[in-house]
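Enquirer: Once you've had a glance at the structure underneath, I'll fire off some questions.
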Amino acid sequence: MTVTQRLEALREVMKREHLAAFIFPSTDPHQGEYVPDHWKGREFISGFNGSAGTAVVTLTSAALWTDSRYFIAAADQLKGTGIQLMKLKMPDTPTIAEWIGSECGAGAEVGLDGYCSSVNSVKELIADLRQLGGITLRTNLDPLARIWTDRPTIPEHPVEIYPLKYAGESCHEKIARIRKALRQKHADGMLMSALDDIAWTLNLRGTDVHCNPVFVSYLLISTQSVTLYINKVKLSPEVLAYLKAEGVGVAPYEAVAKGLKDYFEYNILLDPDEVNYTLFKQVNCEIVEAESPVKRMKTIKNAAEIEGFKSAMLKDGIAMVKFLSWLKPAVEAGGQTEISIDKKLTSLRAEQPLYRDISFDTIAGYQAHGAIVHYEATPETDIPLKPEGFLLLDSGAQYLDGTTDITRTIALGPLTEEQKRVYTLVLKGHIQIELCKFPAGASGTQIDILAREALWREGLNYLHGTGHGVGTYLNVHEGPHQFRMEWKPAPLVAGMTITDEPGIYLEGKFGVRVENTLLITPYKETQFGQFLRFESLTLCPIDTTPIIKDLLLAEEIDWLNQYHQRVFDTLSPHLDDDVKAWLKEACHPVKF
């Protein structure tokens, strides 16, 4: 069906159910950023395939809210659908509740699948709608079950054991730590809903979600037992034996609601940002609404995980340097496109030991496509690369010992003065984050300004975050810590990984982003407490040809030269002579 036909079918269901509107978030029952195809309801109903967005359909209209990463892509994908694009954080953009109120009027009933929305999001929406003339929210209907005739099934891919030498801590040790943290929150148990939390806790991995090595399941922990709710077809005899040895029972995935009803402890912790509203309503005992302790546990990497990250970054750096040494001559020879270079880079990564997959779909945006923040080339949009202008390349890989995420903006030939200036200003912001020293417990919001200050002086800004956590052979986006303009109180702690990726995007012209993955490490102890610093884990040269040297401070040039020396010293022993010669030139010091 076309999007128009899907909207018509949906509206027929809405009429029968007496609903004035229906809301489609981007999430699944586990509140994942990237979700299995079975739960891509917002994409099905709207045609927009970005990772973030909410569609709302009334009987006569429709709208989609998304953030700045997808403004350009969403506008293109929504053409001809009749769905209005709502740009988040832009002046005069109404909230979802405000728009529903203006479209539906007082006393209307609005639908939402409670399985695919978190407790907090539903509670907030109920409160907002109530203020708009008593609009009510119904959460027990999934209209897609009626109109999505070829809906993909929930994945049944096998689960595998994640080796202890990479995990660095056993499953039963992690569960003991979790129970201790629950006692500190005066909770007897918890329902774990986030798929990466479950995979980390159990030292298991899967392939149920594209690019993210997780598996669809729930984990219920009490004082006496641990139960994994999962489709048992995914578990081999080896995995079943492993779980039994670790003290973990197994029950069917769909039995989690009954498990919550039968839960026998005095209270249970449910993270209202992770647990879905429908399961929340199944609980009969006292609920402790608090952040899952696992969120922060898994962000602080142990020694084995840190060593794994460094090993993965070495492999990734080798692949990246081989690719970059090949790129410009290949573009000059002709015949290369955004898709072809993506395939080339993926093939070079696949040659590396312990490679498992990419960590997200590669963003290879040439010239104007680089201004589309989360651009992904398709056969319809793929364009040839020319020996001029910028290529923005954001990519990463999943290795068994770590996850990588790197962006390089590469000059393929002559540049405009505007391109050079923007590139240098973005690089200044990147380096200022790298140079930062800060007291332990500072928030990423307090540090975010360092990446933007030089840009703001020029009247430039970007609306996405400056950095996010990265999982250990897990999701490439890991929180709650991050660099972001909006207030995010999660403290930065030694052992965390976080990306540093400022950028500027000029629609119709070009985009620039420079990204390394960093490790937070101790810096010094003073009378004012513990101070921390950032260590670059990423090993790959940063293109120096677009730099306007007069815009860089001496400390920024020093950092760049020292970083390039480390990149060359670390990678060169693993390269053949031709690639080594290219790397030596790419890492040549920038002169004052």
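The values are calculated or read from the model by the stated rules, or taken from the named source; none is laboratory data. The model shown is predicted, which means the values in this text are computed figures rather than measured ones. With ideal geometry, Cβ positions are generated from the backbone for all residues, glycine too; neighbour counts draw on all protein chains shown. Accessible surface areas use protein heavy atoms only, side chains included; no ligands, DNA or RNA. Shrake-Rupley method; radii C 1.70, N 1.55, O 1.52, S 1.80 Å.
Enquirer: Looking only at region 533-573, which residues have a backbone nitrogen under 19 Å from a spot 7 Å from the Cα of residue 453 in the C-beta direction?
Expert: Only 533-535, 550-560 fall inside the zone, counting backbone N under 19 Å.
Enquirer: State the percentage of accessible surface on region 309-446 attributable to carbon and sulfur atoms; use a 1.4 Å probe and exclude ligands, DNA and RNA.
Expert: Summing carbon and sulfur atoms, their accessible area is 54 percent of the total for region 309-446.
Enquirer: Please report the relative contact order for the chain, taking Cα pairs under 8 Å with a sequence separation of at least 6, and give it as a percent rounded to a whole number.
Expert: This gives 11 percent for the chain.
Enquirer: Find the accessible area per residue for region 471-591; the probe is 1.4 Å, ligands and nucleic acids are left out, and the unit is Å².
Expert: For region 471-591, the per-residue accessible area is 43 Å².
Enquirer: When only Cα pairs under 8 Å and 6 or more residues apart are kept, what is the percent relative contact order across region 229-338?
Expert: Normalised by residue count, the contact order of region 229-338 is 18 percent.
Enquirer: Can you find, among 348, 371, 318, the residue sitting farthest towards the positive end of the charge dipole of region 315-382, where Lys and Arg contribute +1 and Asp and Glu -1 at Cβ?
Expert: 318
Enquirer: While we're on this one: Please list 468, 30 in order of solvent-accessible area, largest first, computed with a 1.4 Å probe with all protein chains present.
Expert: The residues order as 468, 30, largest area first.
Enquirer: Also, quick follow-up: Is it possible to state the helix-based mean residue ellipticity at 222 nm for the chain, with each DSSP H run of 4+ residues giving -39500 (n - 2.57), the sum divided by total residues, to the nearest 500 deg cm²/dmol? What is it?
Expert: -10500 deg cm²/dmol
Enquirer: Compare the peptides 451-459, 6-14 by average per-residue count of other Cβ atoms within 10 angstrom and give them in order, highest first.
Expert: 6-14, 451-459
Enquirer: So what are the radius of gyration and Dmax for the Cα set of region 262-303, in Å?
Expert: 12.8, 41
Enquirer: If you wrap a convex hull around the C-alpha atoms of region 334-466 and split its volume per residue, what is the figure in Å³?
Expert: Cα-based convex hull of region 334-466, divided per residue, equals 137 Å³.
Enquirer: Could you calculate the contour length gain from residue 285 to residue 240, that is, 0.36 nm times the residue separation minus the distance between their Cα atoms, to one decimal place in nm?
Expert: 13.2 nm
Enquirer: In region 533-592, what percent of the accessible surface is made up of carbon and sulfur (1.4 Å probe, ligands and nucleic acids excluded)?
Expert: Here carbon and sulfur together make up 50 percent of the probe-accessible area.
Enquirer: To the nearest 20 debye, what charge dipole does region 57-178 have about its Cα centre, counting +1 at the Cβ of each Lys and Arg and -1 at the Cβ of each Asp and Glu?
Expert: For this selection, approximately 140 debye.
Enquirer: Next question, about the same structure. Could you tell me the relative contact order of region 282-411? Use alpha-carbon pairs under 8 Å, at least six residues apart, and round to a whole percent.
Expert: 27
Enquirer: Could you report region 105-228's accessible area per residue, 1.4 Å probe, as an integer in Å²?
Expert: 41
Enquirer: Another question about this same structure. Rank these by accessible area, largest first, 1.4 Å probe: 142, 37, 577, 316.
Expert: Result, largest first: 577, 37, 142, 316.
Enquirer: Let's see if you can work this out: charge +1 on each Lys and Arg Cβ, -1 on each Asp and Glu Cβ, no other charges. What is the dipole magnitude of region 244-365 about its Cα centre, in debye to the nearest 20?
Expert: In debye, rounded to 20, region 244-365 gives about 520.
Enquirer: If ligands, DNA and RNA are left out, what is the accessible area of residue 15 with a 1.4 Å probe, given in Å² to the nearest 10?
Expert: Rounded to the nearest 10, the figure is 110 Å².
Enquirer: In addition: If I take all pairs of Cα atoms in region 188-331, what percentage of them are more than 19 Å from each other?
Expert: Tail of P(r) above 19 Å: 60 percent of Cα pairs.
Enquirer: With angles folded into 0 to 90 degrees, how steeply does helix 417-435 sit against the dominant principal axis of the chain? Use alpha carbons for both and round to 10.
Expert: Here the helix axis deviates by roughly 70 degrees.
Enquirer: Give the accessible surface of region 306-382 per residue, rounded to a whole number of Å², with probe radius 1.4 Å and ligands, DNA and RNA excluded.
Expert: 39
Enquirer: Can you give me the C-alpha center-to-center distance between region 324-390 and region 457-494, rounded to a whole angstrom?
Expert: What the calculation gives is 25 Å, centre to centre.
Enquirer: Which of 201, 276, 306 sits farthest toward the positive end of the charge dipole of region 175-313, with +1 on the Cβ of Lys and Arg and -1 on the Cβ of Asp and Glu?
Expert: After comparing all options, I get 306.
Enquirer: Something else now. Antiparallel DSSP bridges in the chain: what percent, to the nearest 5?
Expert: Roughly 75 percent of the beta bridges in the chain run antiparallel, per DSSP.
Enquirer: Counting C-alpha atoms alone, how compact is region 299-403: give Rg to one decimal and Dmax as a whole number, in angstrom.
Expert: 15.0, 46
Enquirer: Give the cross-link partners of residue 89 among the lysines, using a straight C-alpha distance below 30 Å as the criterion and excluding same-chain residues fewer than 8 apart.
Expert: Here the lysines satisfying the reach criterion relative to residue 89 are 40, 79, 123, 295, 420, 428, 488, 509.
Enquirer: Would you mind checking the tilt of helix 303-333 against the longest principal axis of the Cα atoms of the chain, expressed as 0 to 90 degrees and rounded to 10?
Expert: Helix 303-333 sits at roughly 60 degrees to that axis.
Enquirer: Turning to a different aspect of this structure: With charges only on Cβ, +1 for K and R and -1 for D and E, what is the dipole size of the chain about its Cα centre, in debye, rounded to 20?
Expert: So the magnitude is around 600 debye.
Enquirer: Put +1 on the Cβ of every Lys and Arg and -1 on every Asp and Glu Cβ in region 359-491; which of 381, 427, 475 then has its Cα farthest towards the positive end of the dipole?
Expert: Of the options given, the answer is 427.
Enquirer: Separate question: Would you check the accessible area of residue 448, probe 1.4 Å, heavy atoms only, in square angstrom rounded to 10?
Expert: The value for residue 448 is about 0 Å².
Enquirer: Roughly how many Å² of residue 51 are accessible to a 1.4 Å probe, to the nearest 10?
Expert: Using a 1.4 Å probe on the heavy atoms, I get roughly 20 Å².
Enquirer: Probe radius 1.4 Å, ligands and nucleic acids ignored: give me the carbon and sulfur share of the accessible area of region 1-106 as a rounded percent.
Expert: Answer for region 1-106: carbon and sulfur cover 51 percent of the accessible area.
Enquirer: Then there is this: So what's the angle, to the nearest 10 degrees on a 0 to 90 scale, between helix 119-130 and the longest Cα principal axis of the chain?
Expert: The angle comes out near 70 degrees.
Enquirer: Which order do you get for 162, 34 if you rank them by accessible area with a 1.4 Å probe, largest at the top?
Expert: So, going from the largest accessible area down, we get 34, 162.
Enquirer: Moving on to the next point. If I take the Cα coordinates of the chain and project them onto the principal axes, what are the three extents in Å, biggest first?
Expert: 68, 56, 50
Enquirer: Another question about this same structure. Stick to the Cα atoms of region 1-121, pair each with every other, and give me the Kirkwood hydrodynamic radius in Å at one decimal.
Expert: 14.6
Enquirer: So what's the gap between the Cα centers of region 552-592 and region 245-318, to the nearest angstrom?
Expert: 42
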